[in-house]
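The values are calculated or read from the model by the stated rules, or taken from the named source; none is laboratory data. Everything quoted here is computed from the prediction, not taken from an experiment. Ideal geometry is used to build each Cβ from the backbone, glycine not excepted, and the neighbour counts take in all protein chains shown. Side chains are part of the model used for accessible areas, which takes the heavy atoms of the whole protein and leaves out ligands, DNA and RNA. Shrake-Rupley method; radii C 1.70, N 1.55, O 1.52, S 1.80 Å.
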Amino acid sequence: MNRGGSVGARVQVPGELREVLLEFTISYLLEQPGDVVTYAADYFSRLREARCSALLYEGAGPSETLSPDESEISHEEEPPVGRFQSRRKSVFAETYDPEEDEDDDGTRTIFPKSDEQRQRLSEAVRNILLFRSLDKDQMNEVLDAMFEKRVNKGDIVIKQGDDGDNFYVIQSGVFFAFVQSDPTQEPVHIHTYDNRGSFGELALLYNMPRAATIQAQSEGSLWAMDRQTFRRILLKSAFKKRKMYEALIESVPMLKALQPYERMNLADALVPRTFAKGARIIKQGDAADGMYFVEGGEVVISVLDDSGKEIEINRIGKGGYFGELALVTHRPRAASAFADGDVKCAFLDVEAFERLLGPCMEIMKRNITDYEDQMLKIFGSKQNIRDIR
């Protein structure tokens, strides 16, 4: 590939674009509506309404912040599709309906790996956005289904305009992403993957031609997963998670304030977390990173007295939730939470909390009063909890 004069300005991509596109894509592929344009207009209108509601309750302007890594094209994202490309329609014959797939084992793809290979792959996929909400069994299926591909300097891994065949996770090596917006122009170097990241997911999710060319700039190693396995694992895991969390969401009184589509979005955003007996789930004084809904087991809420002793103030069982007060008040954790026996929770990170739970904010603010009353009874003070109503 001739790269003379091909290095241009970096393509600036809003940090939350990746999240929004993935959430929309999974929702669309699961629901299979008749008209994608009508569905998209409705979906994003509802998302905007939910965002506005959250901002009204916060009263503090935009609630989402971008990390430095998210201010430009992500190392976990295939470059965005150019406007010059058109949508292919024939590939929609390759549909996958997660509700009809009852055979979990019969369709699994397994590539044998040594312990050393499996360990390297586990490290490579640990922070991949697409897989962050998978449980242990689903992650094992991902590890089973990926195969190693070694490349030499100059190799073209994927070519712009080709059909998407595999999703790739980088084990090692440097890779350049090029986009050619016009056949008469030189390809533009828009991104460098340096020994980490993943690419190729957008063409598989959207059934579109490759949006960019990826070329190896050194010897390297990739982990790959074929199109059908990628779609089946991703879509089935999202489908199963949504079904699993529907019952949990129905059991939480506070969440009855949400509309049905808001509950579906919440189900998609929840991440499973398990804790062994005695494990500390949150620590008093720490910064808040999210809140928890209890799926099973019992959680003990405690605070430190003046002597440093943990004082139990509450117990939360299935259908309950905790950790929301620090998110509402924007203050450090006011209490600790411990697992009393094995506990299974659904975790909602702070960004999703602010985006999705605006309609529930008043209910959570009322909980501050209950907490203050408990502090007053036990310690004779409200432990410096600010009432932000």
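Arg273: under 23 Å from Arg132 (Cα atoms), at pLDDT 95 or above and among the charged types (D, E, K, R), yes or no?
Details: under 23 Å from Arg132 (Cα atoms): yes; at pLDDT 95 or above: no; among the charged types (D, E, K, R): yes.
Against the criterion (under 23 Å from Arg132 (Cα atoms), at pLDDT 95 or above and among the charged types (D, E, K, R)), Arg273 does not qualify.
With in contact (Cβ under 8 Å) with a residue 12 or more places away in the chain, in contact with a Phe, Trp or Tyr (Cβ under 8 Å, 6 or more places away or on another chain) and farther than 27 Å from Arg232 by Cα as the only criterion, which of Asp144, Asp155, Asp182 stands out? Walk me through it before giving the result.
Numbers: Asp144 fails: farther than 27 Å from Arg232 by Cα; Asp155 fails: in contact with a Phe, Trp or Tyr (Cβ under 8 Å, 6 or more places away or on another chain).
Just one listed residue meets the conditions, Asp182.
Confirm whether Glu186 is of a type in the set (Asp, Glu) and in a loop (DSSP other than H, G, I, E, B).
Values: of a type in the set (Asp, Glu): yes; in a loop (DSSP other than H, G, I, E, B): yes.
Yes: the conditions hold for Glu186.
List the pairs whose first member sits in region 217-229 and is under 13 Å from Ile158 (Cα atoms) and of a type outside the set (Asp, Glu), whose second member is part of a loop (DSSP other than H, G, I, E, B) and modelled with pLDDT under 95, and whose Cβ atoms are under 9 Å apart, counting only residues at least 6 apart or on separate chains?
Note: pairs meeting the criteria are Ala224/Met146; Ala224/Asp165; Ala224/Gly200.
If we keep just the residues of region 120-177 that are polar (S, T, N, Q) and touching a Ser or Thr at 6+ places or on another chain (Cβ under 7 Å), which is modelled with the lowest pLDDT?
Going through region 120-177, the residues polar (S, T, N, Q) turn out to be 122, 127, 133, 138, 140, 152, 160, 166, 171-172.
Now drop any that are not touching a Ser or Thr at 6+ places or on another chain (Cβ under 7 Å), which leaves 138, 160, 171-172.
Details: Gln138: 79, Gln160: 92, Gln171: 92, Ser172: 94.
Among those that are polar (S, T, N, Q) and touching a Ser or Thr at 6+ places or on another chain (Cβ under 7 Å), it is Gln138.
Looking at this structure, is Ser122 assigned to a helix (DSSP H, G or I) and either closer than 16 Å to Thr213 by Cα or hydroxyl-bearing (Ser, Thr, Tyr) (or both)? Give the steps one after another, and end with the answer.
Numbers: assigned to a helix (DSSP H, G or I): yes; either closer than 16 Å to Thr213 by Cα or hydroxyl-bearing (Ser, Thr, Tyr) (or both): yes.
It is true that Ser122 is assigned to a helix (DSSP H, G or I) and either closer than 16 Å to Thr213 by Cα or hydroxyl-bearing (Ser, Thr, Tyr) (or both).
Can you pull out the helices (runs of 4 or more DSSP H) entirely within region 191-303 that have at least 1 residues that are β-branched (Val, Ile, Thr), on the phi < 0 side of the Ramachandran plot and open to solvent by less than 10 Å² (accessible area, probe 1.4 Å)? It would help to see each step written out before you state the result.
Values: elements: 201-206, 227-251, 260-269.
The helices (runs of 4 or more DSSP H) meeting that bar are 227-251.
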